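Have a look at the structure below, then the notes.
The values are calculated or read from the model by the stated rules, or taken from the named source; none is laboratory data. What you are looking at is a predicted structure, and each value in this text was computed from that prediction instead of being measured. Ideal geometry is used to build each Cβ from the backbone, glycine not excepted, and the neighbour counts take in all protein chains shown.
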Amino acid sequence: MNEFSQILDSVNLGLVILDADLRVRYWNRWMESRSGIAAERIAGALLFDFFPSLKTPAFIRSCKSVLTFGNFSFFSQKLHRFLFPFRPDSSFESRFEQMQQSCTMGPLRNDDTTISALYLTVQDVTELAAYEHRLMEMNMRDGLTGAYNRRFLEKRMEEEFNRHVRYSRSLSVVMFDIDFFKKVNDSYGHLCGDLILKDIAGEIAAMIRTTDFLARYGGEEFCCLLPETDLPAAQMIAERFRSRVAEAQHIYQGQEIYVTISLGVAALTPGLSSCHALLKKADDALYEAKRSGRNRVVAC
Amino acid sequence: MDNESLLVADEERDILQELMNIAFGKAAAELAEVISIFVVLSVPSIKVLKAAQLPEYLQEEIRDFADISIVEQNFWGRFKGSAFLVFPAGAGKALISLLDPEHEATFESGTFEVLEKETLMEVGNILIGACVGKMSELLGDVVTYSPPKVVVENEPRGIIPKNLFDPEYTAIVMRTVFRFEERDVRGFLFLVTTHDSIVWLKKALAAFIEHYE
C-alpha cells in the first residue's frame, strides 16, 4: 500500500482532485465519510452532479482561474461559510445547519508545467466558527436581558442614521425607563429587579419587527430603534409598549408585581446633525414623561 | 539612481517593461474572457530601489488616495517576491457585487466589514494571481502563492508599515494602475521582487528576448 495514500486517507482534511472538466478524479476517505458518497461512486462523475449547490458563479470562477492562471483560491468560512453541504458534528447542530468549512483550491501541473487538474482541501472549522459566533453575541448583547447592548446600539444607530439621512427616510427612537425601579429593588431585592428587566425586555422584543432594535441602554433604561417609522407611528408603537407593560404581571416568590414605564419618542427631522442629537431628543421626551407623572408617552 | 544603473541595465528594464505589457495584457484579456472580470491595467513602470526606500516611494505614489487598504500576497518560484494591491478605502464595498451579486443583502453590524475585507482578499488573489502568473509563465517559471492578507485596513496613507520589507534588499518595483471598468474602482499593483531572484530574473529576461526576437 502506498505510503502517501495511507496519509491522504487518514488526515483530518477533505481532499479532492478534479479534472479540467470538473470530473472527480480523487476523493479521500474524509470526503467519503462526511458526504456518505463512496469514492468508487463519485469517481469520474461531474462534481456538480453530486453537489449542484456548488454550481455558482463564484465557484466556477475559482475553478477557471486556477486552471487558467495557476492561481490558488481560498474559500474562507467568513465569506463562503462552506462549499460542501455536510452535516456538522452533532454538538454544533443547533447553531449551524451545515459544517462550516475553510477550503483551498490550487492547480496540479504536469511535468511540462501545463495544468491538467485542480485539487481542493476542505477543513472543518465549525467549532471555531461557533466560538466566534458566541463571542460576537456576547459582544453585542446584554447578558441579563438578551437585548442588544449599548455599544451595539450606538454603532447600529450611527449606520441607520447615516442611511436614513442619505435616502431621506424616516427613523424613530423610543427611549423608556421603568418607573420607580429603585423601589422594586428595595422592596423585593435585586433578583426581583433582574426578573422584571428580563420580562420587560422579552415582552417588548416580541412586539417589534425584525428590523427594529431593542437595546438595554442603562440600568433600567431601554432604547428601541425603529427604522422606516415616522413619529406618529412610533408614538403608537410606544403606546402599545406602555399598555403591554402596565398590564403584565410579574411573579416573584409567589408575589404579584406590576410596574409601569415612561417613554420618550423622537423622530429624525431635517437639520438633526447626528444620531446623538436624536437620542438626546428622545431622552428629553422621556424626562418630560417622567416629570409629568410617569406611565405615559411623550413625543417631541 | 545608483542602484538602477548598477544592477539592472536599461536594456533589461526595457525588456521587463515589454514583458509586463504582454503579461498584463494577457492577464486582463483572460480575466475578461474566463471569469468576466473587466479590469484595465495601465502601462507598467519599473523602479529599482533599496527596500528601505520602499515605504517612502509607495507613499509618494499613492498620495492622491485618502485612506487605503493594502492586500499582500507572496509568490514563490525562481521568480519570487511580494505583490501589494493598494485600494482606496471603501473599495471592498464597491467590489462585493463584482464577485457575488447575490450578496447585496443587508448585513449585521460587523459582518459587513468582514465581508469587505474578504472581498479585497479575493479580488487581490485573482488580480495578483493573473498578473504574476502570466509574468512567470513568460519567464518560464511556475510560482505558488501564500494566502492573501490584508496588511493595511482603511488607514490614512502614510501608514505603510516599515517592517513589510527587509531594508537590506534590493527590490525591483513594478507599478501598474488598475481600474475595474464597471465599478469605478482604481488602485495600484506593486510587485516587489526579492534580492535573490534578481540574478535569475536577469537571465530569464535574456532568454525571453532571445526567444521573442
Within the stretch B:189-196, is even one residue touching a Ser or Thr at 6+ places or on another chain (Cβ under 8 Å), assigned to a strand (DSSP E or B) and either modelled with pLDDT under 85 or not hydrophobic (A, V, I, L, M, F, W, C) (or both)? yes
Which of (1) under 20 Å from B:V34 (Cβ atoms); (2) within 27 Å of the chain's Cα centre (by Cα); (3) at the interface with chain B (Cβ under 10 Å from one of its Cβ atoms); (4) assigned to a helix (DSSP H, G or I) does A:K64 not meet, given it meets every other one? (2)
Would you point out the residue of the stretch A:261-289, among those that are in contact (Cβ under 8 Å) with a residue 60 or more places away in the chain and either surrounded by fewer than 17 Cβ atoms within 10 Å (Cβ to Cβ) or small (G, A, S) (or both), that is farthest from A:Y188 (Cα to Cα)? A:S274
Residue match in the stretch A:114-124 (condition: modelled with pLDDT of 90 or more, away from chain B (no Cβ under 14 Å) and within 18 Å of the chain's Cα centre (by Cα)): no
For the subset of the stretch A:143-178 comprising residues that are among the charged types (D, E, K, R) and buried (at least 20 other Cβ atoms within 10 Å of the Cβ), which member is nearest to the other protein chains (Cβ to nearest Cβ)? A:R156
Hits in the stretch A:67-91 (condition: under 18 Å from B:F38 (Cβ atoms) and more than 10 Å from chain B (Cβ to nearest Cβ)): none
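Listed here are the residues, each with its yes/no results for (1) in a helix (DSSP H, G or I); (2) within 14 Å of chain A (Cβ to nearest Cβ); (3) more than 21 Å from B:K203 (Cα to Cα); (4) at pLDDT below 85.
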| position | (1), (2), (3), (4) |
| --- | --- |
| B:N3 | yes, no, no, yes |
| B:L16 | yes, no, no, no |
| B:A52 | yes, no, yes, yes |
| B:F65 | no, no, yes, yes |
Which residue, of A:V24, A:V11, is more than 30 Å from the chain's Cα centre (by Cα) and crowded, with 19+ Cβ neighbours inside 10 Å? A:V24
Of the criteria (1) touching a Leu at 6+ places or on another chain (Cβ under 7 Å); (2) in contact (Cβ under 8 Å) with a residue 60 or more places away in the chain; (3) assigned to a strand (DSSP E or B), which one A:I237 fails: (3)
Per the filter on the stretch A:67-81, residues buried (at least 18 other Cβ atoms within 10 Å of the Cβ) and on the phi < 0 side of the Ramachandran plot are A:L67, A:T68, A:F69, A:N71, A:F72, A:S73, A:F74, A:F75, A:S76, A:Q77, A:L79, A:H80
